[in-house]
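Data first, discussion second: the structure below is written as structure tokens.
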Amino acid sequence: MTGRPLHVLIAGGGVAGLEALLALKRRAQERVSIELLAAEPQFWYRPLAVAEPFGLGDIHGLDLSDIADECGALFTLGRLDSVDTEKHIARSSAGTELEYDVLLIAVGARPVASVPGAFTFRGPADTEAFGSLLDELAESNAKRVIFALPGGVSWPLPLYELALQTASRLPSVEVVLVSHEEAPLELFGPAASSAMARLLAERRIPLRASSYAVAFEDGLLKLAPDWELEADRVVALPRLEGPRIAGIPSDAQGFIATDRHGRANGVEDVFAAGDATTFPVKQGGLAAQQADAAAEEIAALTGAEVEPEPFRPILRGLILTGGVPLFARSELTRPGDPAPVATDALWWPPGKIVGRYLGPFLAERSGAILTPATLDSISVETDLTSVISTA
């Protein structure tokens, strides 16, 4: 430290970016000056996109400039385009040059349609169109709609939520799930898989596992290995591509490799968190945990009394089902233990976005808390240490 605050540029106004902003202000305080660079002027509560078409929730938007002001940070509108790591200058898509001492990249990933002919549900941008699709299915006396999890998509939870709620909304339409998983929600372990299998059976939703959706044409969804399923419509999740920021090393898919403290490999004074990184599971709660690890490491650079903890991912998922509320917990590191099932929340506030600082912040300012009284749900929690060790 030279006596002046360390200037930290946070690129990205999503979960990871805001969690990092709040964490730095808490852990480093006046030792840092922060600038938030974001491509959009608002933060959106994106996970509620799966509930909005069914009238079960509204997507909350918060002005990023107001959040930055509250944290004593500067807000700049623009998308991170390139970085000159030697000169410590970041350039936005508008051509603005932003100096930094430390750069934290939290720009997320780009959704790309992966099943030709299918309706791709990317999130808030598609809620209105998906609502129209539901109306179309109801009015056309459709027989079957398939929800497909493409290969390479690691976070399946939104697809299950859409399928379960559609089955409740349109009981006369057969809802089918197709997934490359061997068991439903296998990412969470056996207890969650069993709970989800029971739910699917109750809603009469068949699951075709270990199958990859290839393309939907002429009323047929082609699957790999060799198989076909008839359908009126197919809904798929997108695959994600990395941001490919000029000047920042990335893998073949454009994602940024980091260590467990968020430091970007191969460059100095650059960190990354969230979906922009190579960590295989792309989920908001994990992005917040990555941001916390990076923020603690940056705070330590300022001389703050912080003992940085590495990223040790704990996955928490709140699944909106449109059915009876149920909370379950599964720890993959202790597979022999019985998995508790309860109607009590496993974390607080019990929202879709779980972050040490961002969760309470959002709950206080937007009322974005999901509870069994307002939305029926299942949640599951598990330790993903084994995933990061092999990533």
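Observations
- Considering THR258, THR278, the condition of being open to solvent by 50 Å² or more (accessible area, probe 1.4 Å), among the hydroxyl-bearing types (Ser, Thr, Tyr) and modelled with pLDDT of 95 or more is satisfied by THR278 alone.
- Positions within segment 290-308 being part of a helix (DSSP H, G or I) and either open to solvent by 10 Å² or more (accessible area, probe 1.4 Å) or of a type outside the set (Val, Ile, Thr) (or both), in sequence order: GLN290, ALA291, ASP292, ALA293, ALA294, ALA295, GLU296, GLU297, ALA299, ALA300, LEU301
- The residue that is nearest to the chain's Cα centre (by Cα), counting only those in segment 23-52 that are in a helix (DSSP H, G or I) and surrounded by fewer than 23 Cβ atoms within 10 Å (Cβ to Cβ), is ARG46.
- Candidates LEU187, LEU177, filtered to the one that is buried (at least 17 other Cβ atoms within 10 Å of the Cβ) and within 21 Å of VAL214 (Cα to Cα): LEU177
- Contact map, segment 5-30: residues that are more than 25 Å from GLN42 (Cβ to Cβ) paired with residues that are open to solvent by 30 Å² or more (accessible area, probe 1.4 Å) and basic (Lys, Arg), Cβ distance under 9 Å, separation 6+ or inter-chain. Pairs shown: PRO5/ARG31; LEU6/ARG31.
- Filter result (in contact with a Gly (Cβ under 9 Å, 6 or more places away or on another chain), closer than 22 Å to LYS282 by Cα and of a type outside the set (A, V, I, L, M)) within segment 184-219: PHE188, TYR212
- Just one of the listed residues (LEU56, LEU74) is aliphatic (A, V, I, L, M) and under 23 Å from ILE353 (Cβ atoms), and it is LEU56.
- Residue, farthest from LEU103 (Cα to Cα), within segment 263-279, restricted to residues that are part of a loop (DSSP other than H, G, I, E, B) and in contact with a Pro (Cβ under 9 Å, 6 or more places away or on another chain): PHE279
- Within segment 24-66, the set of residues being in contact with a Phe, Trp or Tyr (Cβ under 6 Å, 6 or more places away or on another chain), closer than 22 Å to ALA109 by Cα and either acidic (Asp, Glu) or at pLDDT below 95 (or both) comprises ILE59, HIS60, GLY61, LEU62.
- Those residues of segment 211-253 which are free of Cβ contacts under 8 Å to residues at least 60 places away in the same chain, under 29 Å from PRO53 (Cα atoms), in contact with a strand residue (DSSP E or B) (Cβ under 8 Å, 6 or more places away or on another chain) and open to solvent by 20 Å² or more (accessible area, probe 1.4 Å), in sequence order: GLY219, LEU220, LYS222, GLU228
- Sole exception among (1) touching a residue at least 24 places away in the same chain (Cβ under 8 Å); (2) closer than 30 Å to ALA213 by Cβ; (3) of a type in the set (Ser, Thr, Tyr) for SER132, by number: (1)
- Of the candidates ARG312, ARG329, the single residue that is closer than 22 Å to ARG27 by Cβ and either open to solvent by less than 20 Å² (accessible area, probe 1.4 Å) or at pLDDT below 95 (or both) is ARG312.
- Residue in segment 72-93 that is β-branched (Val, Ile, Thr) and modelled with pLDDT under 95 present: no
- Residue match in segment 350-362 (condition: out of contact with any Lys or Arg (no Cβ under 8 Å at 6 or more places or on another chain), at pLDDT below 70 and closer than 28 Å to SER168 by Cα): no
- Number of residues in segment 190-210 that are assigned to a helix (DSSP H, G or I) and either open to solvent by 80 Å² or more (accessible area, probe 1.4 Å) or not polar (S, T, N, Q) (or both): the value is 11.
The values are calculated or read from the model by the stated rules, or taken from the named source; none is laboratory data. Quantities reported herein were computed from a predicted structural model and do not represent experimental measurements. Quick reminder, even Gly has a Cβ in these numbers, built from the backbone with ideal geometry, and neighbours come from all protein chains shown. These area figures cover heavy atoms from the full protein model, side chains too; ligands, DNA and RNA do not enter into them. Shrake-Rupley method; radii C 1.70, N 1.55, O 1.52, S 1.80 Å.
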